[in-house]
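The values are calculated or read from the model by the stated rules, or taken from the named source; none is laboratory data. Bear in mind that the values here come from a model prediction, so they are computed numbers and not experimental data. So basically every Cβ, Gly included, is an ideal-geometry build from the backbone, and we count neighbours across all protein chains shown. Areas reflect the complete protein model, heavy atoms only, side chains present, ligands, DNA and RNA absent. Shrake-Rupley method; radii C 1.70, N 1.55, O 1.52, S 1.80 Å.
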Amino acid sequence: MSLACYTKATRPFQGQKPGTSGLRKAVKVFQQEHYTENFVQCILSAMGGAVTGSTLVVGGDGRYFGKKACDTIIKMCAANGVRKVMVGQDGILSTPCVSCIIRKYKTNGGIVLTASHNPGGPNADFGIKFNISNGGPAPDGVTNKIFEISQEIVEYRICPELKCDISKPGTQEFVVDHRPFTVEVVDSVKDYVEYMKEIFDFPAIKGLLQGTSGPPLKVLINAMHGVTGPYVKRIFLEELGASPDSVVNIVPLEDFGGHHPDPNLTYAADLVKAMKEGEYGFGAAFDGDGDRNMILGHKAFFVTPSDSVAVIANNTDCIPYFKKTGVKGLARSMPTGCAIDRVATKKGVEVFEVPTGWKYFGNLMDAGRLSICGEESFGTGSDHIREKDGIWAVLAWLSILAVRNTTVEQVLLDHWATYGRNFFTRYDYENCESAPCNQMMAELDAMSSDSSVVGKELSHGDKRYTVAKIDNFEYTDPIDGALAKKQGVRVLMTDGSRFVFRLSGTGSSGATVRMYVESYESDPATFTKDAQDVLKPLVEIALSVSKLKQFTGRDKPTVIT
Ligand code: G1P
Ligand code: ZN
């Protein structure tokens, strides 16, 4: 029987503009009649002729509204001429796994259903992100097109009678409008786990955890009730033989247990607390969709994400994948601490500074110029896929510990001894009123083109800095020449210290101001000092230059990392 498709009349919704990483809004917004359908149609329409006969991957982090969205997407893919949808069992696929599957099966792209680290549940957030055929988030050219279409959309195509059970792996064939249409429900973790076993030396990591050559490393992995639960279970318990008490919160929940599924010192406080007790030598947590990670050592020794990526880049000889591919280049997002730049210089490879958002790394990887990259926002990854990858980062760290036979803290101490330490902190002011924040950014932007600022002395207490450069960061993609403007105002000091201001592009309401402060120290006596103490003077200077307290009315940030 051929299922019929229908064209439904609709009207544009305001604000269907993909941000740093897809469209993120409150679930209630997505639940409005036609809202989700409109955005999905915009994605499919933006594919143009390529949609006909295509294969798309669909899956998400298991948050509330994900199954409903999967169902709508399958029905709309069928009606728009997609040939095949590969969907995660029960709609579950981590963001890195979507990227892995797109690449492995050479599909035309995928749709990821996640609001990443934003809370989930009926009163929280949902998100839809489009990834292209390289497995990475759609670049600005594509997301701009999606947004343009969203402003003019008058109809969408759907096949409402298509009933598809996505609770069991297997292939289901349909005839839609006299055309064949296939839905393949894929195991949520299989392809990803197989790939990790190619990239890393699992027996060596297993040896580390079980103590085949020395005391066993006790690990504590916290999936924060996000999508990584099933991956953690398969990899750490079944493949690496970790004890059941070394993994927690591994059942994905639609509301992440009511928590903020964001692996940082504030929202993963339970991991920090457990690590402080001293029983475990290594701790890690992931965000809702599994692309972010936080690494802790014994007694909750904190590895900043900026340091984490630099350490991995410095220890690629511990990872079989890089022994095979070599290291082609390194990169970080602009606000990320510059530790990785020093590794690149020492290794004699290129280093790129791109705007915030993983989509800016994709072209460089595709062109064979980038192997390892990271963002200060707990994103670490490589060219094995085109998304950041939380579990990959943890396996990279465990590989380093296995080969070097040492502790997390010692790895960092050795790193700083070689390169010096880039102290880094980020202050987030969440959910502020938009208008004054925009005004603050406008004033900083105006300041960035005021040449009299350069050479100015800024001081707090007895710490003095001289401004070497101020700008609103711009990036021209070296591969396709695309220009990204106004990516954040940065104030660079003559000694390499700096601060940066930008507004978040992932929030679902109001404005979030991000302030990033970094200071480089080469004196070994400072290496073990508390980062907040070291950075305090520059933090105060940044607050006063930006007049942040006046504009936001906030005395304190919501989150400090
Ligand atoms: C934030 C992070 C950014 C990351 C993005 C998606 O974006 O700062 O590094 O790529 O989430 O995980 P922002 O809210 O700052 O725009
Ligand atoms: Zn995420």
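Counted as qualifying within the stretch 306-403 are the helices (runs of 4 or more DSSP H) with 3 or more residues that are within 17 Å of Tyr520 (Cβ to Cβ), away from ligand 2 (no atom under 16 Å from the Cβ) and modelled with pLDDT of 95 or more, namely 339-347.
Name every residue in the stretch 257-266 that is over 21 Å from Thr380 (Cβ atoms) and either open to solvent by less than 20 Å² (accessible area, probe 1.4 Å) or within 20 Å of the chain's Cα centre (by Cα) (or both), in order of residue number.
Answer for the stretch 257-266, where residues must be over 21 Å from Thr380 (Cβ atoms) and either open to solvent by less than 20 Å² (accessible area, probe 1.4 Å) or within 20 Å of the chain's Cα centre (by Cα) (or both): just His259.
All of Lys104, Lys129 fail the test of being within 16 Å of ligand 2 (Cβ to nearest atom), among the charged types (D, E, K, R) and at pLDDT 95 or above, apart from Lys129. Selection of the stretch 267-293 for residues being more than 16 Å from ligand 2 (Cβ to nearest atom) and either of a type in the set (Asp, Glu) or under 18 Å from the mean Cα position of the chain (by Cα) (or both) yields Asp270, Glu277, Glu279.
Among the conditions (1) surrounded by 19 or more Cβ atoms within 10 Å (Cβ to Cβ); (2) within 16 Å of ligand 1 (Cβ to nearest atom), the only one that Phe236 does not satisfy is (2).
Applying the criterion of being out of contact with any Cys (no Cβ under 8 Å at 6 or more places or on another chain) and open to solvent by 40 Å² or more (accessible area, probe 1.4 Å) to the residues of the stretch 494-504, the residue that is modelled with the highest pLDDT is Thr494. Considering the stretch 422-510, the qualifying strands (runs of 3 or more DSSP E), each wholly inside and each with 1 or more residues that are more than 20 Å from Val539 (Cβ to Cβ) and not hydrophobic (A, V, I, L, M, F, W, C), run over 463-472.
Each row is one residue, and each column tells you yes or no for (1) touching a strand residue (DSSP E or B) at 6+ places or on another chain (Cβ under 8 Å); (2) open to solvent by less than 50 Å² (accessible area, probe 1.4 Å); (3) not β-branched (Val, Ile, Thr).
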residue	(1), (2), (3)
Ile149	no, yes, no
Tyr156	yes, yes, yes
Gly170	yes, yes, yes
Phe174	yes, yes, yes
Thr182	yes, yes, no
Val185	yes, yes, no
Val189	no, yes, no
Tyr192	no, yes, yes
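Check whether at least one residue in the stretch 59-81 is among the polar types (S, T, N, Q), within 16 Å of ligand 1 (Cβ to nearest atom) and open to solvent by 10 Å² or more (accessible area, probe 1.4 Å), and report yes or no. No, the stretch 59-81 contains no residue that is among the polar types (S, T, N, Q), within 16 Å of ligand 1 (Cβ to nearest atom) and open to solvent by 10 Å² or more (accessible area, probe 1.4 Å). Within the stretch 548-561, the residues that satisfy the criterion of being surrounded by 14 or more Cβ atoms within 10 Å (Cβ to Cβ) and part of a loop (DSSP other than H, G, I, E, B) are Arg554, Pro557, Thr558, Thr561. From the set of residues in the stretch 34-45 that are more than 21 Å from Gly141 (Cα to Cα) and in contact (Cβ under 8 Å) with a residue 24 or more places away in the chain, which is nearest to ligand 1 (Cβ to nearest atom)? Among them, the one singled out is Thr36. Of everything in the stretch 404-414 that is β-branched (Val, Ile, Thr) and part of a loop (DSSP other than H, G, I, E, B), the residue that is most open to solvent (accessible area, probe 1.4 Å) is Thr407. The residue pairs whose first member lies in the stretch 248-267 and is closer than 20 Å to Ile235 by Cα and at pLDDT 95 or above, whose second member is of a type in the set (D, E, K, R) and open to solvent by less than 50 Å² (accessible area, probe 1.4 Å), and whose beta carbons are closer than 9 Å, counting only pairs six or more residues apart or on different chains, are Pro252/Asp61; Pro252/Arg63; Leu253/Arg63; Pro263/Asp287; Pro263/Arg292.
Identify the residue in the stretch 44-58 that is within 21 Å of Pro169 (Cα to Cα) and more than 23 Å from the chain's Cα centre (by Cα) and, among all such residues, is least open to solvent (accessible area, probe 1.4 Å). This residue is Ser54.
State all residues of the stretch 366-376 that are open to solvent by 10 Å² or more (accessible area, probe 1.4 Å) and out of contact with any Gly (no Cβ under 7 Å at 6 or more places or on another chain); if no residue qualifies, say none. Those that are open to solvent by 10 Å² or more (accessible area, probe 1.4 Å) and out of contact with any Gly (no Cβ under 7 Å at 6 or more places or on another chain): Asp366, Ala367, Gly368. With Gly127, Gly141, Gly135, Gly110 as the choices, which residue is assigned to a loop (DSSP other than H, G, I, E, B) and closer than 25 Å to Ser377 by Cα? Going through Gly127, Gly141, Gly135, Gly110 in turn, just one is assigned to a loop (DSSP other than H, G, I, E, B) and closer than 25 Å to Ser377 by Cα: Gly135.
For the stretch 82-100, residues that are open to solvent by 10 Å² or more (accessible area, probe 1.4 Å) and of a type outside the set (A, V, I, L, M, F, W, C) total 4.
When each of Ser116, Ser150 is tested for being among the small types (Gly, Ala, Ser) and within 24 Å of Phe256 (Cα to Cα), the lone residue that passes is Ser116.
Listed here are the residues, each with its yes/no results for (1) modelled with pLDDT of 95 or more; (2) among the aliphatic types (A, V, I, L, M); (3) closer than 19 Å to Cys338 by Cβ.
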| residue | (1), (2), (3) |
| --- | --- |
| Thr506 | no, no, no |
| Ser509 | no, no, no |
| Glu521 | no, no, yes |
| Leu535 | yes, yes, yes |
| Ser546 | yes, no, no |
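Residues being within 26 Å of His117 (Cβ to Cβ) and under 20 Å from the mean Cα position of the chain (by Cα) are represented in the stretch 231-241 by at least one member. Please indicate, with yes or no, whether at least one residue in the stretch 286-302 is in contact with an Asp or Glu (Cβ under 6 Å, 6 or more places away or on another chain), assigned to a helix (DSSP H, G or I) and either under 29 Å from Lys129 (Cβ atoms) or of a type outside the set (Gly, Ala, Ser) (or both). Within the stretch 286-302, not a single residue is in contact with an Asp or Glu (Cβ under 6 Å, 6 or more places away or on another chain), assigned to a helix (DSSP H, G or I) and either under 29 Å from Lys129 (Cβ atoms) or of a type outside the set (Gly, Ala, Ser) (or both). In the stretch 3-33, what residues are surrounded by 16 or more Cβ atoms within 10 Å (Cβ to Cβ), part of a loop (DSSP other than H, G, I, E, B) and more than 16 Å from ligand 1 (Cβ to nearest atom)? Cys5, Thr10, Phe13, Gln16 - these are the residues of the stretch 3-33 that are surrounded by 16 or more Cβ atoms within 10 Å (Cβ to Cβ), part of a loop (DSSP other than H, G, I, E, B) and more than 16 Å from ligand 1 (Cβ to nearest atom).
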